[in-house]
1. Which residue is farthest from D160 (Cα to Cα), if the candidates are limited to the stretch 104-115 and must be in contact (Cβ under 8 Å) with a residue 40 or more places away in the chain and either more than 10 Å from the ligand (Cβ to nearest atom) or assigned to a loop (DSSP other than H, G, I, E, B) (or both)?
2. Of the numbered conditions (1) surrounded by fewer than 18 Cβ atoms within 10 Å (Cβ to Cβ); (2) under 28 Å from Y24 (Cα atoms); (3) modelled with pLDDT of 95 or more, K216 satisfies every one except a single condition; which is it?
3. Among the candidates L142, L137, which residue alone is in a loop (DSSP other than H, G, I, E, B), in the same structural domain as F240 (by TED's automatic domain parsing), away from the ligand (no atom under 16 Å from the Cβ) and under 14 Å from I221 (Cβ atoms)?
4. Enumerate the strands (runs of 3 or more DSSP E) found wholly within the stretch 1-71, keeping only those where 1 or more residues are touching an Asp or Glu at 6+ places or on another chain (Cβ under 6 Å), exposed (fewer than 10 other Cβ atoms within 10 Å of the Cβ) and of a type in the set (S, T, Y).
5. Report yes if S123 is touching a helix residue (DSSP H, G or I) at 6+ places or on another chain (Cβ under 6 Å), in a loop (DSSP other than H, G, I, E, B) and modelled with pLDDT of 95 or more, otherwise no.
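The values are calculated or read from the model by the stated rules, or taken from the named source; none is laboratory data. Nothing here was measured: the structure is a model prediction, and the numbers come from that model. Backbone-built Cβ (ideal geometry, glycine too); neighbour counts: all protein chains shown.
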Amino acid sequence: MEGTSARITLGKPTDEIVKTRFRYTTTSGQTVEKDFPATEGIVYLPNAEKWKYYEYKSAYCSASGIDTVWVSNWMRSPSPIATNVDSKTATVTVTENQVRDAFKPELILDGIKDSGSSRWYSSNVAAYRGIFPKIVLIDTKLNGDNAQTFNHIVFYEDPDPDGQTRRYIRSVNVYVGDTKFNTEDANFLRTFGDPVVSTSLNQLQPVQDFTFETPKRGRYIAIVFRNSYNSSGFIDLWEFEAFGYVAKNAN
Ligand SMILES: [Ca+2]
């Protein structure tokens, strides 16, 4: 979701597709249909109800180029409409001694992606700054069936076009689970289970997103920073988003 609209990224259409029609449930419980021309990119479904599947089908132009023919069957979306972690209820903590001044870890969930005063920045103290892993823990406070099933995350680093040398995040593992992850655990590779994402970020890109191969339900999200592009070991994260749905509310 983005605001009150579901945000859908369309892949490149084939030449024959002329329109795509979406059918979805609104927050007031209506089923509505909305057509979009066949273009690659992002479309929005206004007032879509969160955590529901939507359906779609395409229209093709006939060989004569005169008639538009809709396929008869609706396709169901690969997953329900997902929402970001609720920052009003979630808490964020980090490995001890890894907060620089007022750059507290909860600032990665405040929705502000482009302000230098709204980011988490790790320690600048010589005794601590080179320590890895640095582990950020998000506790959504939602248990069991009420917990979100997460399928997509987004990292926001320094947005300055010339900021690549200040984008420090390098190798990172992300974990989702119902058991609290210990932010002091240097043995995370053995104790945290299988990561939902294990990757390296690119310094040239201020915004990087990752879709999980397998969505995973859980109360907790751990972001494990394993090293840094910075020789002093700094990590600096301006915003983080984790999208998921509550599976019991889907259908
Ligand atoms: Ca922020």
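1. Ranking the candidates gives D110 first.
2. Status for K216: all satisfied but (1).
3. Numbers: L137 fails: in a loop (DSSP other than H, G, I, E, B).
When all the criteria are applied, what remains is L142.
4. On the way: elements: 5-10, 17-25, 31-37, 41-46, 55-61, 68-70.
Here the list is empty.
5. Working: touching a helix residue (DSSP H, G or I) at 6+ places or on another chain (Cβ under 6 Å): no; in a loop (DSSP other than H, G, I, E, B): yes; modelled with pLDDT of 95 or more: yes.
In short, no.
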